1. What is the distance, in nm, between label points placed 7 Å from the Cα along the Cα-to-Cβ direction at residue 154 and at residue 319?
2. For residue 252 and residue 358, what does the FRET efficiency come to when R0 = 22 Å and r is the distance between their Cβ atoms, rounded to the nearest 0.05?
3. Would you list 169, 237, 182 from fewest to most Cβ contacts within 10 Å?
4. How far, in nm, would the chain grow between residue 12 and residue 347 when pulled straight, counting 0.36 nm per residue and subtracting the alpha carbon separation?
5. Which length gain, in nm to one decimal place, applies between residue 161 and residue 1 when the Cα-Cα distance is subtracted from 0.36 nm times their residue separation?
6. Could you calculate the FRET efficiency of residue 131 with residue 272 from 1/(1 + (r/R0)^6), where r is the beta carbon distance between them and R0 is 25 Å, rounded to 0.05?
7. Give me 330, 91 sorted ascending by neighbouring Cβ count inside 10 Å, so fewest comes first.
8. Could I have the simple spin-label model distance between residue 261 and residue 55, label points 7 Å from Cα toward Cβ, reported in nm to one decimal?
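Read-outs throughout are calculated quantities, based only on the coordinates presented, and are distinct from any laboratory measurement. Keep in mind it's a predicted model, so treat the numbers as computed, not measured. Heads up, the Cβs are rebuilt from the backbone with ideal geometry, glycines too, and the neighbour counts pull from every protein chain shown.
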């Protein structure tokens, strides 16, 4: 993946927010108390800057995410120990807590901020959320701005030339403009969209489309987890979108099977979480999205218009399919992605026509 290959090795490589990133490094080096609360749009270099700043300050980075444990109960003990104990190799530590908006209770974070013997850095999409009010009072704000389109275009040209890609300057300029200041999305778009006419407009109000596209177009676990953290939709909604659009994106039956298997296991874990209130398992359903990304052998370089899941829309009469397959109408809907894939390959069971699976 180009995203990983061209990840900056130092703070000098952070485009658009280099000075802000150096301020983070200065905070770590000169820390005498307090915390930082970083905010900004996706793809502006927030998490990466903290990692590079910690490396530059020769500090050990201890990371955690509220997306993995919304109550922070599972990680509270670990973080408290890390915040209060010296590193085994004698280096300074940096405590990083991401996806703060997703946390259910901020008390655990407040305790860590008040007792930590090392710098604590928080990352939140909306730092002015009411539930983060107490944490704002305990930390200093740092805002990462959307990256200018001309800066993104310059970076894309460098990557294109090094990779020997044939994408024109005009196409790169268009990609950089519709990226909305998101460097990560621009690089993924350049890599995934082989045909220039397929470059569509990015709508910041419909971030779910970008989330789904990135998961379908990558085979990197890191990219999947990153886009889930920045998605406007919770993981359970993203999984529903993936299931609904799966058979349209993937073409090989074995890839569809593997992806559906991952989604089914994620669904079982989610059900167990709700039934037993086992919130310590909350980080595992996102692995369903990772399974979808890894199910394919290689990226499909085609343009797709992903559709809204019709989970609550009036359903087509499935009595014919139900009768032929000897399953309930509900089961027919569950098998819709597989039936659609079979229809593409003209491999439907005897008595079932393509028209019968349309609109499932």
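1. Each label point is offset 7 Å from its Cα along the Cβ direction, giving 6.7 nm.
2. Details: r = 21 Å, r/R0 = 0.96.
With R0 = 22 Å, the Cβ-Cβ based efficiency is 0.55.
3. On the way: 169 11, 237 15, 182 24.
Fewest-to-most ranking of 169, 237, 182: 169, 237, 182.
4. Working: separation 335, 0.36 × 335 = 120.60 nm, distance 5.48 nm.
That pair, residue 12 and residue 347, stretches by 115.1 nm at full extension.
5. Details: separation 160, 0.36 × 160 = 57.60 nm, distance 1.58 nm.
Stretched fully, the residue 161-residue 1 segment lengthens by 56.0 nm.
6. Working: r = 27 Å, r/R0 = 1.07.
Between residue 131 and residue 272 the formula returns 0.40.
7. Details: 330 10, 91 13.
Ascending Cβ contact count within 10 Å gives the list 330, 91.
8. A separation of 3.6 nm, rounded to one decimal place.
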